[in-house]
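Step one of this worksheet: look at the structure below.
The values are calculated or read from the model by the stated rules, or taken from the named source; none is laboratory data. Note that the structure is a prediction, hence the values are computed from the model and not measured. Because the Cβ atoms are built from the backbone with ideal geometry, glycine has one as well, and the counts that use them run over all protein chains shown. Accessible surface is based on the protein model in full, side chains and every heavy atom, while ligands, DNA and RNA are left aside. Shrake-Rupley method; radii C 1.70, N 1.55, O 1.52, S 1.80 Å.
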Amino acid sequence: MIELKPCPFCGGKAKLRKQNRTIVEHQTQRNCYVYCTECDGRGKRYLEGNTQEDHIIARQLAVESWNRRAESEDKE
């Protein structure tokens with residue numbers, strides 16, 4: 001898995017969170033996102049879908065989205 005960059009808001013440690021959310025009784029949606037353990041800043045939430053491949057893709061997208069920085073930050 002790709003390493004997570006520090007939080008863009010406070011510099012804290014980031015973690016990938018996988019979560020089941022109840023939509024209606026007996027129906028859940030699996031999703032994932034990256035969040036900061038210090039300030040609770042959060043990245044975009046991605047639905048994981050139904051297959052193992054869908055889960056992997058969603059997690060990769062969540063990490064890539066979190067790690068994306070403004071061009072000026074990347075050059076420092």
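Results, tabulated for the structure shown:
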{"quantity": "Estimated 222 nm signal from helices in the chain, with DSSP H stretches of n ≥ 4 weighted -39500 (n - 2.57), rounded to 500", "calculated": "-7500 deg cm²/dmol"}
{"quantity": "For the chain, with +1 on Lys and Arg beta carbons and -1 on Asp and Glu, the positive-most of Gln29, Thr51, Asn67 along the dipole", "calculated": "Gln29"}
{"quantity": "Cysteines, the chain, no other Cys beta-carbon under 4.7 Å", "calculated": "Cys32"}
{"quantity": "Stretch gain in nm, segment Arg45-Leu16, where the contour uses 0.36 nm per residue and the Cα spacing is subtracted", "calculated": "9.4 nm"}
{"quantity": "Apportionment of accessible area to carbon and sulfur, the chain, percent (1.4 Å)", "calculated": "45 percent"}
